[in-house]
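**Q** My structure is below; once you've seen it, I'll send some questions.
The values are calculated or read from the model by the stated rules, or taken from the named source; none is laboratory data. Predicted, not measured: the structure shown is a model, and the values here were computed from it. Every residue, glycine among them, receives a Cβ derived from its backbone with ideal geometry; neighbour counts consider all protein chains shown. Note: areas computed on protein heavy atoms with side chains; ligands, DNA, RNA excluded. Shrake-Rupley method; radii C 1.70, N 1.55, O 1.52, S 1.80 Å.
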Amino acid sequence: MGQAPNLQPVVLDCKRLNLWTIGSLRLSIMDPNTTVEKLKKQVSEFRDARDWLRYDTPRSLAISISVEAAELLEHFQWKTDEQMRKVLMDRARKNEISDELADVLIYCLSFSDILGIDISEAIELKLRKNGEKYAKGGLKLSA
């Protein structure tokens, strides 16, 4: 097994941004203005404009999340971390991965909408639970 990549946050203007690098490769920067609620609304408006709500059952959405996550995983199957660094430098391949990630997130947003789950609240609660379960300085992951 290869070593996990050394991901380092980049600090600009004394602010930590959602920008990550592997060596000299810049991976992404997040949009600081788009809220989860805005994305959820865009997804539901897209769905409703096509009359797809009747197909969005918890079961079908959970299955779709898994299927799309598997499609995302296919891009990484049988590749080393070094090979993936090269793949991510190819704009077209990175766009394909971005599309698969977007599919996963779209289904997750739809799932939370149908079940009435507040994603921000769910994540904050889960991080608190994980903080209690995995205290700082406790479990160390190794490659």
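**Q** Please indicate, with yes or no, whether at least one residue in segment 114-124 is closer than 26 Å to K38 by Cβ, in contact with an Asp or Glu (Cβ under 6 Å, 6 or more places away or on another chain) and touching a residue at least 40 places away in the same chain (Cβ under 8 Å).
**A** Yes, because at least one residue in segment 114-124 is closer than 26 Å to K38 by Cβ, in contact with an Asp or Glu (Cβ under 6 Å, 6 or more places away or on another chain) and touching a residue at least 40 places away in the same chain (Cβ under 8 Å).
**Q** Can you find even one residue in segment 91-103 that is in a helix (DSSP H, G or I) and open to solvent by 90 Å² or more (accessible area, probe 1.4 Å)?
**A** Yes, there is a match, as at least one residue in segment 91-103 is in a helix (DSSP H, G or I) and open to solvent by 90 Å² or more (accessible area, probe 1.4 Å).
**Q** Step by step: first the residues of segment 111-132, then only those that are small (G, A, S) and within 20 Å of D48 (Cβ to Cβ), then the one that is most open to solvent (accessible area, probe 1.4 Å). Which residue is that?
**A** Looking at the filtered set, the residue picked out is G116.
**Q** Which members of segment 50-78 meet the condition of being part of a loop (DSSP other than H, G, I, E, B) and either in contact with a His (Cβ under 7 Å, 6 or more places away or on another chain) or open to solvent by less than 70 Å² (accessible area, probe 1.4 Å) (or both)?
**A** The answer is D56, T57, H75.
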